[in-house]
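For reference, the structure discussed in these notes is given below.
Readers should treat all values here as calculations from the given coordinates under stated rules, not as data from a laboratory. Just so you know, these numbers come straight off a predicted model, no measurement behind them. Cβ: placed from backbone, ideal geometry, glycine included. Neighbour counts: every protein chain shown.
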């Protein structure tokens, strides 16, 4: 019941009492509001988990390394293929498209490695072998999920690997392309679960081809996008002999000793590689230079489109929730018309009546926000668990959700509160 001396705390208490008195209606409203916030927080949490995983995946080369390849990296997002590159004008893009499709040959890659002499730099040549192969010894075998890479003496350093047991390739072994290999910790765990040391000098079959193991690599962590432990690294000339075709392209990686030298090294690499690719001064580059962190940044930009779509869905849901909440508050005004008239007759002010209905609307909306946030964070972190990343709480969006729901409650309750405060006490007391 309203009293003329009711303060803010009394209005809050009365609002809570009325909310508890209509549990079903309140619960349905909370669910409607919570669904919008739930969808938003769920997707944002999942996107942040995926972003962390992507960042970890592309941080293996470090921020002071870049690669040279003959075309842009492309990744599929749904049914759309997006390229990963720096922004270009339409004219440059059209010119570049006319120069794409020319793989980096063995002689060009070798020539670059021998001529590039930027101070404090290392150059690695690599060749992608088959993926999804089986590796086996006489007793055990892996699942068909191992990827084969051909590298040189600098491959491990430029790709963030360290040797746990064994040794690296020698220059002679790389040039001759002998059947030696280094295996990732995931492969070693499948083939030699008791003792990784037994792998050294053992013979295994990689895609039915025998190799002698010279090293086991340390586990550097994996993500849902790239498993860095289930690999086999062999001299790139071995992959070249077994799997190379006319269209095979070599990947060139460059690492500098100081990140401040990165832009200078990129410019030097471009200037060194242009004559090797037989480009005239007026020709546009027919190769692409990208940094590992720029690739991750571009992929995260693509994930941002999903985030924007989710915000739109949540916004539409919250508009519907606000309309539903307003209707419920109007029903509450009609149900309590006599009560409001009696309160006014006893001296209740317009302000206290407005406050009670606004508090009800805001409290219901905030309950919806809390329910949506908790459930969204918990279910969103199921994705984080699957991607092997830490527990994620998108604090910025959590606070944004609370503020938005506060606004929804205020907006939805304003008209019913004004309507209740303007009721004529005599008319209200006669209301049936």
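Which distance in Å, rounded to a whole number, links the C-alpha centroids of the range 326-367 and the range 145-197?
73
So how do 200, 174 line up by other beta-carbon neighbours within 10 Å, fewest first?
200, 174
Hey, with R₀ at 22 Å, roughly what FRET efficiency would residue 111 and residue 163 work out to, going by the Cβ-Cβ distance, to 0.05?
That pair, residue 111 with residue 163, gives E of 0.15.
Could you calculate the contour length gain from residue 257 to residue 283, that is, 0.36 nm times the residue separation minus the distance between their Cα atoms, to one decimal place in nm?
So the extension gain works out to 6.3 nm.
Assuming 0.36 nm per residue, please report the length gained on full extension of the stretch residue 245 to residue 194 beyond their Cα-Cα distance.
Here the answer is 14.4 nm.
Would you calculate the separation in nanometres between label points at residue 350 and residue 378, each defined as 7 Å from the Cα along the Cα-to-beta-carbon direction?
Going from the residue 350 label point to the residue 378 one covers 4.5 nm.
If r is the Cβ-Cβ distance from residue 313 to residue 220 and R0 is 60 Å, what FRET efficiency results, to the nearest 0.05?
So, using R0 = 60 Å, E works out to roughly 0.95.
May I ask you to sort 329, 182, 262 by Cβ crowding, counting other Cβ atoms within 10 Å and putting the fewest first?
So the residues, fewest neighbours to most, are 262, 329, 182.
Exposure proxy check: 16, 326 ranked by fewest other beta carbons within 10 Å?
16, 326
Tell me, in nm to one decimal, what length is gained between residue 13 and residue 422 on full extension, where the rule is 0.36 nm per residue of separation less the Cα-Cα distance?
That works out to 145.0 nm of additional length.
Can you compute the FRET efficiency between residue 274 and residue 202 using 1/(1 + (r/R0)^6), with r the Cβ-Cβ distance and R0 = 45 Å? Round to the nearest 0.05.
Calculated value: 0.50.
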